[in-house]
Each structure stands twice: as C-alpha cells, then as structure tokens.
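Input: a single structure, listed below in structure tokens.
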Amino acid sequence: MKFGVFLPSARNGFTISEAAPLYDPSFRHNLAVTQEAERQGFSFALAMMKWKGFGGTTGYWDACLEPFTLCAGLAAQTETIELIPSVTLLTVHPAACARMVATISDISGGRCGVNIVTGWNHLEYDSLGIWPGPDYYVRRYAYAAEYIDLVKRLWTEDEVTHQGEFFTLDRATVLPHPVGTPTIVSAGQSPKGLEFTVNNADFSFVMTGRGNLARYTETMRDKAAARGRDVGTLPLYAIVTGRTDAEAQRLADEVVAKADRAAIGNIMGSAALDTNAGGSSSHLQAALSLPPEEGNMAFMSFPLLCGTPETVASKIDDIVAETGVPGIMLNWLDYVSGIREFGEKIAPKLKH
C-alpha cells in the first residue's frame, strides 16, 4: 500500500472550521510534516497550489506556499519520500513545468512527480487576469492533454518542435532530463477528467464516499486496461482519532458544528460556475450536507476516517478489500502528531 500526505501548504490545511488549528503555511511546518512522514514509511507528499483563497472567519487558503519551490526545499532535506508539486496549468508554461520537475528530480535523485491541475475556479484566475473565458470549462482537458504531452516530450527528447492548438515550440529543450520517469497524477473526476487521467497519468486522486469509490476504481481500472495502461486510484481521506470511538466522533462533530460557513459559501459559489458536470466542483457542491464519513465540506469534502487507531485501521482494511485501491492520501487536524500516530499505532494493525 502507498500512503501519502496532502501537505498543509495552504492556510489551515484541509479543515474548514474554527474547531481546527488555524495557521499560516510555512516551510518549517511542511518540512517537519514531510520528514515525519518519511520516518513513518509514507510513499509520497503532495503540495497543492491556490492563487486566491476563500476567506471566511478562518481565512481559508488565503495564504499558500508555491509548490515547486517548496518541494525543492523539501527535496534537499529528505532521502526517500517522493515529492509531488501541483502545477496550475494556466499559470505555468509546459517547458517551465518540465524544467522545474527536472531540477527537483536532480536535487532529490529522481523523487519528483507532478500533479496536473486544470483549474475550474475562474475567480482565482480572474484575479491574475489570465482566465481564458467560459469555454475553458469544457476545453480544459484538451488543453491539459496537449500540455502534458509536451512535458513528457521535453523530459525525453533533446529538442521539441510543436505547432498545436494551444502551444507553439521551436526546438525547445529541457536538459538535463529528469532522473527516471516522473510520476504524473491527476484529480479529474468528471467523465472528461477520467478520460484524461486514463490516457495521461499514473494515478488518479479522487474525493468520494466508499460506495462510489468502488465504482470509480473499477471504471478507471477497466478503461486503463483497455488502453494497455495501469492507472491506480488513490482516494483522499481525513483522519480524526481519539482514545475511544466516541471521543473521536465528538471531535469530528465539533469540527462540523463550527464549520466556517462563509468560506464554504465562497467555495460553493466558485464551484457552481463550473459547467463541466460530474467533476470535483460537482462533488464539492454535493458535499455540503453529507455526513463526515462520506465527505462533509467541513473536511473539504474528504471522507473521514474516525475512531481509535484500531478502528481507523479496520476501516482502511475494509476500503482496500472493497475497492482494491493501491494507496490512500491522508490529512489530519494536527499533521505531525497525526502522522506519528499513524505510523506507530495504525499502520502496524493494517492487514493490507
């Protein structure tokens, strides 16, 4: 099993509640998180990117570290864990993305991948003056396919000349090439997003409850196999533990009760503008009233694993048995202590 950590590289991590720790992101915190994850045997750490946050009483995601420079710093002070910065496609040229990954790959000895973020929050890109217009909602995966094809070519070819719908390159180079083949991940959940992932990525990050996760994983597996590819599905989960199941549930209920309604409302308003049905934005809108175990918005719509370490381990085993997923990406209210507890008290109890 691959276990990964969704780094707290933006304000307050992934919990939208006044009951959760409130903090600005820092390199020192993310380094402590990543080094603890490495000590506990985690496979990867992923850094998100948000150019404009959602405000509210908690200032949710109003501060965010740039993921490539963050991962470069982490690469220099880690040994084994894979580092996956997120690229927001509209803000970074594919040659720049390819070169940054190649550089971090050199620093880390081949431990750098990339997470493809097509971008559905047009208010975020409006703030930078680069939103292409409403047709980007439906064309963004065509843009992403041309983008990642160029990145891959730049990683393997000495020169790249290309005349496409979105990009023009004339004998472009990215040398030295990355060490090995960088891992490519994508979180597209809509039908178009799934097709993009099947054709271009190695792993798919997905936010969904257990029932839909089994269906999504099977669909991804079958579509990838039909193309002669192997694409793994890595679901996202939050963890809240306690000395008893009841204590853990009380903590989770408090997070939901003290949810930052203003920030959540701003997220919902942005998600409602996305015309690409069935994707991450649709999931966020549906998550407003879901129970925490299925992905309440107080936990950024990530389903919750709640209980004692023994209970959480049992729930993870059940998820793997039902869905066959090759790994899980996790987040916590308190990252460093949560990762340590996972490694020392949860992981040893896992059967898979």
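The values are calculated or read from the model by the stated rules, or taken from the named source; none is laboratory data. Bear in mind the structure is a predicted one, so any value in this text is a computation, not a measurement. Cβ sites come from the backbone with ideal geometry, for glycine too, and all protein chains shown count toward neighbours.
Does at least one position in the range 172-188 carry a residue that is in contact with a strand residue (DSSP E or B) (Cβ under 6 Å, 6 or more places away or on another chain), under 30 Å from Ala96 (Cβ atoms) and among the polar types (S, T, N, Q)?
Taking every residue of the range 172-188 in turn, at least one turns out to be in contact with a strand residue (DSSP E or B) (Cβ under 6 Å, 6 or more places away or on another chain), under 30 Å from Ala96 (Cβ atoms) and among the polar types (S, T, N, Q).
Could you look through the range 265-323, keep only residues that are in contact with a Phe, Trp or Tyr (Cβ under 8 Å, 6 or more places away or on another chain) and at pLDDT below 60, and pick out the one that is surrounded by the fewest Cβ atoms within 10 Å (Cβ to Cβ)?
Thr275
Looking only at the range 230-256, how many residues end up being within 23 Å of Gly327 (Cα to Cα) and surrounded by 16 or more Cβ atoms within 10 Å (Cβ to Cβ)?
So in the range 230-256, the residues within 23 Å of Gly327 (Cα to Cα) come out as 230-241.
Retained after the next criterion (residues that are surrounded by 16 or more Cβ atoms within 10 Å (Cβ to Cβ)): 231-241.
So the answer is 11.
Check every one of the strands (runs of 3 or more DSSP E) wholly within the range 1-110 and list those with 2 or more residues that are small (Gly, Ala, Ser), touching a strand residue (DSSP E or B) at 6+ places or on another chain (Cβ under 7 Å) and modelled with pLDDT of 95 or more. Break it down into steps so the answer makes sense when it comes.
On the way: elements: 2-6, 44-47, 82-88.
Once the strands (runs of 3 or more DSSP E) in the range 1-110 are filtered for at least 2 residues that are small (Gly, Ala, Ser), touching a strand residue (DSSP E or B) at 6+ places or on another chain (Cβ under 7 Å) and modelled with pLDDT of 95 or more, what remains is 44-47.
Looking at Arg210, Arg227, which one is more than 24 Å from Lys315 (Cβ to Cβ), surrounded by fewer than 22 Cβ atoms within 10 Å (Cβ to Cβ) and of a type in the set (Lys, Arg)?
Values: Arg210 fails: more than 24 Å from Lys315 (Cβ to Cβ).
Result: Arg227 is the single residue among Arg210, Arg227 that is more than 24 Å from Lys315 (Cβ to Cβ), surrounded by fewer than 22 Cβ atoms within 10 Å (Cβ to Cβ) and of a type in the set (Lys, Arg).
Out of all the residues in the range 92-139, which are more than 21 Å from the chain's Cα centre (by Cα), crowded, with 16+ Cβ neighbours inside 10 Å and either without any contact (Cβ under 8 Å) to a residue 12 or more places away in the chain or on the phi > 0 side of the Ramachandran plot (or both)?
Arg139
Please give the number of the condition Leu150 fails out of (1) of a type outside the set (Ser, Thr, Tyr); (2) touching a His at 6+ places or on another chain (Cβ under 7 Å); (3) touching a residue at least 60 places away in the same chain (Cβ under 8 Å).
Failed condition: (3).
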